[in-house]
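Step one of this worksheet: look at the structure below.
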Amino acid sequence: MKKEKELIEINEHIVEIVSDSGEGAQTAGQMFGTINAKMGNGVWTVEIIPAEIEPPKRSKAGASGIRIRLGRNEVTNAGDVANVVVGFNEQVLYSRIDTNSFEPGTILFLDKKWSESPIEQERTAYAEALKDFAEKGYRVIEIPLEEECLKLVPDPRRGKNMWVMGLLCELYQRDTGLVEKEIRKKFARKGEKIIDTNLKLLKSGFEWAEENLTFQYQISSLDDGIDRIVTNGNQAIGLGAMAAGFEVCSMYPITPATSVTHYMASVFRDVGGFVHQAEDEIAAVGFAIGSSYAGKTALTVTSGPGMALKTEMLALSVMAEIPLVIVDVQRGGPSTGLPTKVEQSDLLSTLYGSPGDAPKIIIAPSTIEECFHFMVMARKLAEQYRGPVFVLTDANLATGVQPFPRPQLEEEWLSPPIDQSDWNPNVEPYQWDPETGLSPRPVPGQKDGTYVLTGLAHNSKSKVAYESNTNQESMAMRSRKLATLQKTLNPPAVHGAEKGELLVVGWGSTRGAIEEAIDQAREEGLAVSSLHLKFLSPLEPGIKEIFDRFDKVMTVEINYSDDPKDPYYDQGNQRHAQLATLLRSQTLVDIKSWSRVPGYPLQPRIIKNAIKEELAVAGGVK
Amino acid sequence: MIGLKCDWLMEEENRHFVVEDYQAGEPRWCPGCGDHAILTSIQRLCNEEQLEPENTVFVSGIGCSSRFPHYMKTYGFHSLHGRALPIACGVRSRRPDLNVFVVTGDGDCTSIGAGHWLHAIRYNMKMVVLLFDNQIYGLTKMQTSPTTPKNAYSNTHPQGSWIEPLNPISVVLGITNASFVATTVDWNPVHLYATIKEAHKHNGLAFVRIMQRCPHFTADYFTGLMDDPSKIVLMEHEDGIPTTDVMKKYFKNRETHDPSNIIEALDYAHRTDAIPIGLFYKNTNAPVYSDFSAMGLDTSNDAKLEALEKELNKFSI
C-alpha cells in the first residue's frame, strides 16, 4: 500500500496549524512541538490567540492557532514564513496572510469540506480563496479532514486536531509511539474511551497521509546527550518561582500572565506554597507585600494594566524597602490594548510609573530558560537589595515553547526559614550602609526588632521624617543600592564582532530573532553586531564603551516610536522607542530606534531589512 | 538536661510585660480625640493577654486613626490609603504565630478601601479589625465620608451632605462568611475593652466598629448619645459581649439578642430609634482562609526538592 515517496531533506521548517477557536489547534501544535523536542530537534512554538473565547467562526479575527518552528539545531525564535500550514478553513488563513506569514511555495493543507458545503456563500468563498491562493503561489493540498473525522467522532471539532497530528507525524516521520504517550498523558483524566478515540484519529490521519501524500520530509537531529526539559515561558516562570523558594504567589487574573499561576496552583501545594487569588490587582500586590513584610517570600504576577493599578503599592515596596518580585508578562498597550499579543511597552512605566523617585531593579529574560533562572536571581536580588525586582517577559515568551537544559536544582535556592533570632537592639530597622545603601531587615517575631514600617518619608529608625534633611538622605540611600548592584554586574557580551558599522541593541524576547538577523546580515558581509540587555535597571556596566566602538547604535523593540522618515517629526519632537529613550539619557549617544507594534513577534527578515535600511542611511550620510 | 530545661522555662516565665512595654512615642492626635481611649484599651488588652510585642503586628492604612501603629511598641505597618486589609491578610497568610490587628478609619475602610473590606470579611482570616468611625475625613480636613450623617456640613458638602450614610454593620452582615460583627463606643472604656477582648479571642476576622469622637471637626456628632445613653441599646447575650454591673449602670436600655441569629442581627443593624451596640453576629463555624493559606508551612527542603524534581520529570524530554 505504501507509496513510493519523494524524500525531502530539511534543516528546519515552520509549520502552522490554524483553525477556528476551540478546535484544539494549540493542543495539537504544542504536542507536535514536544514530540520534536523529544526526538532531539530544536523547537520554538508561538500561539496565535484570538482575544475572545469563542469568536465568530470562519473569520480572520477568530483565527486561533499555533506556529511550530523545528530545526536540526537549536531554534531561538518563531522565524519568518511558514513552510507547511494546516488550515481548518480557508478564511482563518487570511489572518496569517495579513501578517506576511506565507510566501510562494508555502504548502497549505486545507479541509475540502467547504467545497461541498450546503451553504452557497461558503462554497463560493472557498472557491475564491483557492483561486487567490493559487495566484499568490501557495501550493494547496486539499484534505478530507472533517470527512475522515466524522467516521470516528460525532463532533469533529473535538477530533480534527488529532487527525492533523497524525498527518504531520507521517509527513515529518515522527515517532507515533511518542505521540501515543503524550495523548495518554494529556487525556489521562478523561478516561480510556477518550484516549482510544484520539489514538484512532491519530492513526486515521497518519494512514491517510501515508496513502495519499507523495512526499515526506526528513529532518535529522543533533543528539548532544544533554538532558533537557521543554516548557513554555509561563511554565518556566512558575517552575523557577517554586525552585527559587517562593511561598506565596498572589495574583489577579489577567491575560497573558495568568497561566503562570494556573500552573503554580496545580503543584504549589506539594512544594509547600500557595496561590492567593486576590480581589483585585492592588490587593494582589498588597497581599504579597504583607507576606514579605512578615518574612515570607512572595511574588505577584501580572500584565500591563495590572501594573498600572499596582503602582502605588510598588512605590511602597521601594519606600519601605520590602523585598518583592513582580512578574510583568507584557501585552499590547496602552489601556486594555492587545490582551493576547506581544509588546515590550512597559519598560518606562515600570521604571518611572510611580509617584516620587522610586529606584527599582528591572530584569528581562530573553529565552524560556532564562524565564526559569531569572526567578531564582530575582528572589536573591529582592532580598539582598531589600526592594522590588521586576521581571519583564511578554506574550511571546509566555506561550513560546523551547527545550532547554534541565535545571540542576539547588537547596540553597530555596528560601531559608525566616530568621526569628533576637534582633540586636542597637541596629536600626534601616541602618543604611552609606557605601552601599544596604541595610538588614527585622522580621516580625524577632525580639527587640519591633519597628513600624511606613510609606511616609522616614529616617533610619523608621520614624516619620520631620527634619528637612531626612528625605534627601533616605532617597540617596535607596538610590545607592542600584549603583551598588551595578558594580557587581559584568558588561554584556556583544553578539558578532566587537566593533563595526552598526550595533543593534535589544531586550527581552526579541533576542533570538535579532541574533538570527545579525547572523544573516554578517553572512552577507555587513559589519553589524548586536547587544542584548538582561538588566534594564540598573543598566549593565560598560555599555557606553561598547557603543563607542560602533558608527551607529540602533535599538530594535516591540513598542511604539515615531518613524523619523515621516514628515511630521524632527529632532525636537520625535518620540523614541523605550529602551532607546533610556539609553540616550544614560549614555548621551545619539541612539536610533527601529520599533514596531504589529502584535506578533518580530521576524528575523524584517529586522534584517531594518538593519539594511539603517546602513543605507548611514552610507548616505557618509 | 532536665535542669537546663527548667532554667529555660524559668526565664520564659520571667518575661512579664507591663503596659509601658506596649507604649511608643507621644500620640499626635488632637486632645479629646477618641483615638486616645482606643489606644489605651488596646495597650491594656496586650498587657492583660501578655501578648509578646515581637509577635504582635498592627497594620493600618492612611488617616488620623491609621497613625495608631506608631504609638505601639510592637511591629507595625503603616501602609497606604485603603490598603490595610490586603496587607494584613498577607501578613497573616503564612504566620499563624502572630497576633494581627488592623486599624482603619471610615474613609480608609468604607470608601477607598471598600473593595478590600468586603473581601477581607469574606476571607475571614484570623485578625481583629478595628474601624475607627468618626464619620468624617479628619487628616485631609473635613470632607464627607461614607458614614457622615445626612445634611451634615463638610468642606466638600458645605450645604450639607445629600444622601443617607452607609451603614458599616449592615454592609458587613450582608457579606457571606462574616463571622464576628460588633459595635462599641470610644467613650465607654468598659464596653470598649470588653468588645476588643472578645474580638481578640475570636478565631476568624473580628470586625469591630468603634463610634469615635472627633473633637476638631465633628464634636457634636455623638454628644446626643453621650448626654442620653438611653438612645443606645445595649445588646446582651451569654454568647455576646459580657456585660458588667458598671456597664449596666450606664446603659439602662438593654435588650437580649442572640448573636447566632443573623436575621435579628440585620434587624438590629437597621434600627433607627436607638443605636445598638454589642455583638450583632458571631459564627464560629465559618471557614477561616488563613487555615488554608498556612497549609504546607512545615514542608521540608527535601520534600520541596523531591516535588520539584517530579515536576521537572513531567517536562523532561
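Test each condition in (1) part of a loop (DSSP other than H, G, I, E, B); (2) more than 8 Å from chain B (Cβ to nearest Cβ); (3) at pLDDT 95 or above for residue A:449 and report the one that comes out false.
Just one mismatch for residue A:449, condition (2).
Restricting to segment B:298-317, count the residues that are modelled with pLDDT of 95 or more and either closer than 14 Å to residue A:417 by Cα or of a type in the set (Val, Ile, Thr) (or both).
Going through segment B:298-317 one residue at a time, the tally reaches 5.
Quick one: which of A:73, A:83 is within 24 Å of the chain's Cα centre (by Cα) and surrounded by fewer than 16 Cβ atoms within 10 Å (Cβ to Cβ)?
A:73
From the list B:232, B:196, exactly one residue is under 16 Å from residue B:36 (Cα atoms), among the β-branched types (Val, Ile, Thr) and touching a helix residue (DSSP H, G or I) at 6+ places or on another chain (Cβ under 9 Å). Which is it?
On inspection, the qualifying residue turns out to be B:196.
Any residue that is among the polar types (S, T, N, Q), touching a Lys or Arg at 6+ places or on another chain (Cβ under 8 Å) and assigned to a loop (DSSP other than H, G, I, E, B) - is there at least one of those in segment A:28-46?
Yes; the residues of segment A:28-46 include at least one that is among the polar types (S, T, N, Q), touching a Lys or Arg at 6+ places or on another chain (Cβ under 8 Å) and assigned to a loop (DSSP other than H, G, I, E, B).
Report yes if some residue within segment B:113-121 is more than 20 Å from residue B:172 (Cβ to Cβ), at pLDDT 95 or above and either within 14 Å of chain A (Cβ to nearest Cβ) or in a loop (DSSP other than H, G, I, E, B) (or both); otherwise report no.
No, because not a single residue in segment B:113-121 is more than 20 Å from residue B:172 (Cβ to Cβ), at pLDDT 95 or above and either within 14 Å of chain A (Cβ to nearest Cβ) or in a loop (DSSP other than H, G, I, E, B) (or both).
Being among the basic types (Lys, Arg) and either surrounded by fewer than 24 Cβ atoms within 10 Å (Cβ to Cβ) or at pLDDT below 95 (or both), is that true of even one residue in segment A:266-273?
Looking through segment A:266-273, at least one residue is among the basic types (Lys, Arg) and either surrounded by fewer than 24 Cβ atoms within 10 Å (Cβ to Cβ) or at pLDDT below 95 (or both).
Scan segment A:299-320 residue by residue and report those that are surrounded by 24 or more Cβ atoms within 10 Å (Cβ to Cβ) and either at the interface with chain B (Cβ under 7 Å from one of its Cβ atoms) or of a type in the set (S, T, N, Q) (or both).
A:300, A:302, A:303, A:313, A:316, A:317
Looking at segment B:122-157 only, could you name the residues that are of a type in the set (D, E, K, R) and closer than 20 Å to residue B:35 by Cβ?
Correct list: B:133, B:141.
Tell me which of these residue A:83 doesn't satisfy, since it passes every other one: (1) touching a Leu at 6+ places or on another chain (Cβ under 9 Å); (2) modelled with pLDDT of 95 or more; (3) not hydrophobic (A, V, I, L, M, F, W, C).
(1)
For segment B:21-73, name all the residues that are under 17 Å from residue A:447 (Cβ atoms) and more than 9 Å from chain A (Cβ to nearest Cβ).
Selection gives B:21, B:22, B:46, B:50, B:51.
Looking at (1) surrounded by fewer than 22 Cβ atoms within 10 Å (Cβ to Cβ); (2) closer than 14 Å to residue A:16 by Cβ; (3) modelled with pLDDT under 90; (4) not charged (D, E, K, R), which is the only condition residue A:97 fails?
Unmet for residue A:97, out of (1) surrounded by fewer than 22 Cβ atoms within 10 Å (Cβ to Cβ); (2) closer than 14 Å to residue A:16 by Cβ; (3) modelled with pLDDT under 90; (4) not charged (D, E, K, R): (3).
Quick one: count up the residues across segment A:324-355 that are surrounded by fewer than 24 Cβ atoms within 10 Å (Cβ to Cβ) and within 14 Å of chain B (Cβ to nearest Cβ).
Selection size over segment A:324-355: 2.
Anything in segment A:544-576 that is part of a helix (DSSP H, G or I), surrounded by fewer than 20 Cβ atoms within 10 Å (Cβ to Cβ) and not charged (D, E, K, R)? List them, or say none.
A:547
Among B:82, B:76, which is the only one that is facing chain A (nearest Cβ under 8 Å) and not in a helix (DSSP H, G or I)?
Just a single option satisfies the conditions, and that option is B:76.
May I ask you to verify whether residue B:280 is within 14 Å of chain A (Cβ to nearest Cβ) and at pLDDT 95 or above?
It is false that residue B:280 is within 14 Å of chain A (Cβ to nearest Cβ) and at pLDDT 95 or above.
Which numbered condition in (1) at pLDDT below 95; (2) buried (at least 20 other Cβ atoms within 10 Å of the Cβ); (3) over 13 Å from the mean Cα position of the chain (by Cα) is the only one that residue A:399 fails?
(3)
With (1) over 16 Å from residue A:600 (Cα atoms); (2) not in a loop (DSSP other than H, G, I, E, B) as the list, and residue A:21 as the residue in question, which single condition is left unmet?
Against the list (1) over 16 Å from residue A:600 (Cα atoms); (2) not in a loop (DSSP other than H, G, I, E, B), residue A:21 comes up short only on (2).
Having 2 or more residues that are within 27 Å of residue B:99 (Cα to Cα) is the bar; report the strands (runs of 3 or more DSSP E) wholly within segment B:168-262 that clear it.
Fully inside segment B:168-262 and qualifying: B:180-185, B:205-211.
Do we find a residue being hydrophobic (A, V, I, L, M, F, W, C), surrounded by fewer than 24 Cβ atoms within 10 Å (Cβ to Cβ) and either within 27 Å of residue A:199 (Cβ to Cβ) or over 22 Å from the mean Cα position of the chain (by Cα) (or both) anywhere in segment A:33-53?
yes
Where residues in segment A:228-281 are small (Gly, Ala, Ser) and farther than 16 Å from residue A:393 by Cβ, which of them is nearest to the other protein chains (Cβ to nearest Cβ)?
Taking the candidates together, the pick is A:272.
In segment A:348-373, how many residues are over 18 Å from residue A:559 (Cβ atoms) and of a type outside the set (D, E, K, R)?
Matching residues across segment A:348-373 total 11.
The values are calculated or read from the model by the stated rules, or taken from the named source; none is laboratory data. It should be emphasised that the depicted structure is a prediction, and the values quoted were computed from it without experimental measurement. Ideal geometry is used to build each Cβ from the backbone, glycine not excepted, and the neighbour counts take in all protein chains shown.
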